[in-house]
Each structure stands twice: as structure tokens, then as C-alpha cells.
Amino acid sequence: MPVSRWGGVHNPNNEFLPARAVADLRTIRYFTRSVRLYGATDGWEQLPLLAATYGIRVTLGAWLDSRHEHNEHEVTAAIALASRSSNATRLLIGNETQLREAIPLATLSAYLDRARRELDIPVSTAETGDYWLCHPELARHVDFIAIHVLPYWAEVPLDDAVQYVLDRYAAVRAAFPGMQVVIAETGWPSDGPHRGAAAPSIQNQARFFREFVAAAERLGIDYNLVEAFDQPWKAEGEGRAGQHWGLFDAYRRPKFSLVGPVIDRGWPWWWAASAALASALLLTLCRERLRLRGQLLATFVVHSAVACSLLMLREASDEYLSPLSLLCWLPFLAANALLTCMIVGEGIEIAEVVGDMPLRRRVLPWRGRLLARVPFVSIHVPCCNEPPALVIATLEGLARLEYSAFEVIVVDNNTPDPSLGRPIAARCAELGPRFRFYSLGIWPGFKAGALNFARTVTDKRAEIIGVVDADYLVDRSWLRAAVPYFAVCGVALVQAPQEHRDWEGSLFRRMASDEYSGFFRIGMVQRNERDAIIQHGTMTLVRKNTLEALGGWAEWCICEDAELGLRLLASGNKSLYLDHPLGRGLVPDSFEAYAKQRFRWAYGGMRILRRHTRELFGRKSGLSAAQRYQFVKGWLPWLCDGLHLACTLLLVTWSGTFVLAPECAALPEPVFLYPVFGLFMGRW
């Protein structure tokens, strides 16, 4: 009966370690009675004697390359080792030397002839079956034919893999009648990229192993299975698949049992961790009662996102990562972790809307009479290089407010052409004493600087300060609809949504308006339930004494509105969001303007995260857990956008390396694409 030989005991890139060799032989002695070596120097000449103590026979090998002196030494050592090793059954001089074009055929033939003269055991060399068929003259220099048949490299699908090996074996036997043919290498990797229809996996490796061994035993074929153990060093020459040909992994753990169902190692633990983590997230983030459709959507999104995240970690844990590979994996893992958090956050937000979550804090415009005491409101309108007609339209809208106690302060700063302010100043004079215009020229602090100046000239009667952008047409009911809530609810901030106008004639402006509306009609409504709204710099009303106590607007931050809202909530104040449009402004009319606005939001958001790290992530903070979650979730997309650029550059570099040096890099794992597709489809 033929015996199964497991290759892979020799690792030419590592020094020989006797203790490791003994442990390996103990591991495989229950599965085979013979092993194949690939070299006879560098300490590996000790292995035949160690194998003999476990009753294991050895097929010796001599590793040949382009170095003449090395080859001479290797062949001499192999012949000497074969002469003194009682358990040596064969000797293979060279391994695919002709396929690798390592040495000329004449040189190989001379080495083979020399070994055959000096030894009593059979001598041959290992080449692919196709090479033997194309160069039959090599058979005159060997005692048997040793072929390598690896269907994975030939891109053969698993269903046809065993038959492919048997057909190649039969073809070589037919070409060399009367000579013994040995399959010196065959196998299937457990991981790596697909090659055509050839798909590596533990299940496929187990199936190939079981089907081939059964067929070989039935037909009386002598064979070696490659290999005993995974060898991570092979990634340099064979890519990721080269690391995973072993029937044991590199930590000497069997990948599958010889009989029974094949289950990926550790799969039940990964499944349990995924279910537990997803359930914990659902219980933490979905505390409100939702209708069935909302519950189903939240469950699907959270479980899918968590499963993909753990699948990526599992893929990483299954890899033998070099420092360079780890450097490539870490940015993707970090980016996908943030992307997964985005999917979970936005998915739950949508589920709350779809599931008709009961809104306990939904606030609509005040419909009753004004209270007995009407607070004085100072409305600040900052502008910079704005068209005069645009600002004048805003002021005329404010003049029509159905409110008796207010003033309007227009502050123009950093406008290059001072003549732009003259029509605005003239119109303020026409609208009466409650309208005042100030032109500051070059002024520090950008918009926050203008708003802080407006505080210094605000009427002393003012109790509430409002901010309106210079392009907004305000509904005449704005103050009457919002101001009473300061007295009734005791809040420090009342925010109305940003709405937009004049987008109907442009597809680009319509898309921008729709994107903004999603945040103000869904996101801000959900945030209001947790008292975690984002203050934005228009249609906002804030108590004057609270603003003064907090030190005014932050001139270091170009998102001074959101920064003030965060400080306001962290200091223990409350806010309300009016779920009704009370003013409409303009959306960016070009991609350049849109990109500048997004950059300002992203840059400002990141500076806020940096400045207020303690409030958002520290143990002692005035923010509740829900408020922290909402703020971080709101700024998370900016981090993802930055990582998206970094990952794009990394992917281009990775792909270029794969094209130029495929032996040094493999294609990125498909699992990286799952969160991207999930977020794209969800937003679409």
C-alpha cells in the first residue's frame, strides 16, 4: 500500500530547531509514516535520525538554485545523508529547477547521474507533469518520475480538482511505461485569493484532501501531500495562498478533522460574540418602543454591521501578518470600524423614524397668546462681502416680524469693497431706529468676531439674542412662535431648522437642499429627544445672560455656533428644537461653494472634538451619555471622510504593488467592501 507523505517540514528561510522538529514529528506521527525534505544542509541533516525514533521514513531532498558552489555542497551533503540514513527511501535532487530556470538541464542531469552511481536508493528530481511530458529525455537520468500537480495554481475548480490530478498522473504514466510515477506534491490551500474558479477555504481543502486520499488509496498511487504545516515565509514568493497549504496551521493546530463535518475553527465563538455584541448595542441604543418595522430594520442593520466588523477581525486573526501587511490592514480596520459606527448610528436613526418612535419632546411653534411680559430680542445679522440686495431682502423680512420688542444689528466685517455696505446702511436708516449697521473693515475672529462685536452694542434691555444669516427670509411669526418657550420651559436655547429656497431650477441645488433637509427633519428631531441638538448659526435664539456667562462666541473656531451649543449643554443648560421651518436661505450654487462649506464644517468639527475631548470622552462631564453619543455620531462622518482619502491612496498603492510585484502583495479582502456597499445602499 502506498503511504501518505506530508511535505513542509523543511523551511529554507528559518534555521533548524531540533526541539521544534521533534515536536513537529510528534504531531504528525499519528497521521503519516513518511515525510519529504527539501534540503540536506543548514541543520536539516539531523531530521532523518530524529524521524527514525518515531518510525517515520524520509524522502530526502537537495535544494538547488543558481549558486554553483551551493549546489555542489548540497548534492554532496544529500548523497552523504542518504548513505547513512537507514530510513531514507528516496532522494530528489532539485525541486522544480527547470520550471524556475535555476540551472541548465545538463547540469541537473549530471547531478542526477552522480547520485544514482553512488546510492542504492531511487533517485529523481521533481518537476511539473507538463515538463516531464515536454522533456522526456530527462527520464533517462532518473529511477522514477516525480511530478507536481497543484490544481489551484492551474485555476481548476474544486469539483474537478481531484480528477485533474488523476488525469495528469495517468498522462505521465502513459508517456513513461514501465517507470514508477510518484505525485511528489499535490494539495489545496485553505486561504488566499481566488484563482479563476479555484476558491481556497478550509472546507475546500478538507474536501480535496479527503477525496484525493480516497482515490489515491483506491488506485494505488504513491503521493506526497503538501504540506504539513502552514509556512508564513512563503508569502514573499507565492502571495497569501502560499502561507496556507498546510494541513496544520503555523501554530501546529489541525485545521479540520479527518472525518465528519468541517467547521471553521472558532466559528461558534465568533457567532456568539457577534450575537451578544449586537444585542447589547440594540438594548443600549434602541430603548424607545418602536413599531415592528422599525424593530426589524434596527435589528437587521445592527446585526449586519457587527457581523461584518467581526468578520474583518476574524480574517485578520487568520492571517500571518508581516509588519508591512499589518501596516496595510490597520488603516482599513480603523476606517471600517468608523464606517460601521456610522452605519449603526444612521440605521438606528432611520429605524426610529420608520418605526414611528413616540416623540416626547416634539416642539411646534407657539400658537397661544404672547405672555404678559414680552422679552426684548436683539437680532444679529453678520455679513461679509454679501450682495447688498441679498442682505436688504433679509432685513426687510425682519422688519415684518410680528413682535413688538426687538432690534436688528447688522455687522459687516472683512469685506474688501467698503462700497458694498453703503446700500445696506442706507436701508437700515430707512427701516427705522431699531435697525443699526456697523462696518468693521478688517476684523479678527471671522463670523464669531462680528457676533462678539454685536454683543458690545446690544441694547441693554435685551434678554435674548438671535442670529440670522444674511441670506435668510424669515417668517414673520418666528419670534412669536419661539420666544415664549424660554419662559415656559426654562431653556437657554431655542433653535429653528435651516430651510432653503430657490433650489427648484437646478438639479445640483435641489440635491444639496434634500441632503440638508434630511438632517434637519430627521436628525435634529431625534437629537431633540435627547436634548442634544446641534446649534447652527442661523435661526437660533439664546439667552443673553447664558451667552455672556459662557464667554460669548469662540473666535478660535470657524464653527462657533456648534461649539457654543456644546458648551451650553455641558454647563447644564437645556435646549429646544422647533420642528417647523420659520426661515429659508440659499444653498451653495456651485460645487466649489459646496466643498468650501463642507470643509468649514469638517475642519471646525474636528477642532471642537479636539478642544472638548474631556467633555465628550472624560469621566467628569456635564453632558449625558446620550448627548455625548449624539455629538460624536454627528461628527463621525468627517473622520470617515478623512480616512476615506487615506484609504483611497492606500488602495491605489496596494493595487499598484499587486500589479508590479504580485509576489509581494495580494488583492484586498472582499470583506472590506461590505460596509461600503451597506452604507451606499442605505443612503441610496
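The values are calculated or read from the model by the stated rules, or taken from the named source; none is laboratory data. Remember, it's a predicted structure, so these values are computed and weren't measured experimentally. Positions of Cβ are backbone-derived with ideal geometry, glycine not excepted, and every protein chain shown enters the neighbour counts. Accessible surface areas use protein heavy atoms only, side chains included; no ligands, DNA or RNA. Shrake-Rupley method; radii C 1.70, N 1.55, O 1.52, S 1.80 Å.
The table below gives the values:
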| item | result |
| --- | --- |
| log10 of Debye I(q)/I(0), alpha-carbon scatterers only, for region 182-223 at 0.18, 0.20 Å⁻¹ | -0.56, -0.66 |
| Computed over region 354-502, the ratio Rg/Rh where both radii use C-alpha atoms and Rh is Kirkwood | 1.01 |
| Region 575-600 residues near the modelled R611 label - backbone nitrogen below 16 Å, point 7 Å along Cα→Cβ | 600 |
| With 5 Å bins from 0: P(r) over region 158-229, alpha-carbon pairs, percent | 3, 15, 26, 25, 16, 9, 4, 1 |
| Rounded to the nearest 10 Å², the accessible area of T89 at probe 1.4 Å | 40 Å² |
| Residues listed by number, region 577-593, amide nitrogen under 18 Å from V353 label point at 7 Å toward C-beta | 577-582 |
| GluC sites (Glu not before Pro) restricted to region 52-139 and DSSP loop, no more than 11 other C-beta within 10 Å | E101 |
| Tail beyond 27 Å, pair distance distribution of region 415-545 (Cα, percent) | 33 percent |
| Rounded accessible area of T284 (nearest 10 Å², 1.4 Å probe) | 80 Å² |
| Neighbourhood net charge (10 Å Cβ-Cβ; Lys/Arg +1, Asp/Glu -1) for P375 | +3 |
| Sorted peptide list for 472-482, 520-530, 615-625, criterion being average Cβ within 10 angstrom, highest first | 472-482, 520-530, 615-625 |
| Percent carbon-and-sulfur accessible area, the chain, ignoring ligands, DNA and RNA, probe 1.4 Å | 59 percent |
| Bridge type composition, the chain - antiparallel percent by DSSP, nearest 5 | 15 percent |
| Using a Förster distance of 30 Å, the FRET efficiency for L371-R501 (Cβ separation, nearest 0.05) | 0.45 |
| Radius 11 Å from Cβ of E127, net charge of other residues (Lys, Arg +1; Asp, Glu -1) | -2 |
| Spin-label pair R114/R360, simplified geometry with 7 Å Cα→Cβ offset, distance in nm | 8.9 nm |
| Neighbourhood charge, 13 Å Cβ-Cβ cut-off, centred on C428 and excluding it, Lys, Arg +1 and Asp, Glu -1 | 0 |
| Kyte-Doolittle at least -0.5, axis length at least 18 Å by Cα - qualifying DSSP helices, the chain | 105-118, 158-175, 202-219, 267-285, 292-318, 323-354, 625-660 |
| Residues whose placed amide H lies under 5 Å from that of R530, excluding near-sequence neighbours | none |
| Accessible-area value, W329, 1.4 Å probe, nucleic acids and ligands omitted, Å² | 20 Å² |
| Helix-only [θ]222 nm of the chain, DSSP H runs n ≥ 4, -39500 (n - 2.57) each, per residue, nearest 500 | -15000 deg cm²/dmol |
| Modelled FRET efficiency - R0 51 Å, L390 with L292, Cβ distances, 0.05 increments | 0.60 |
| By accessible area with a 1.4 Å probe, ligands and nucleic acids excluded, highest first: order of T107, T653 | T653, T107 |
| Computed over region 497-556, Cα set: Rg, Dmax in Å | 15.1, 45 |
| Interatomic Cα distance distribution for region 206-343, bins of 5 angstrom, percent | 2, 8, 13, 14, 14, 13, 11, 9, 7, 5, 3, 1, 1, 0 |
| For the chain, size of Cβ-based charge dipole, Lys and Arg +1, Asp and Glu -1, in debye | 3300 debye |
| From the coordinates shown, percent of Cα pairs over 48 Å apart corresponds to which of [x] 30; [y] 18; [z] 42 | [z] |
| Per residue Cα convex hull volume in Å³ - calculated over region 174-279 | 157 Å³ |
| Full-extension gain in nm, R218 to W267, via 0.36 nm per residue minus C-alpha separation | 14.3 nm |
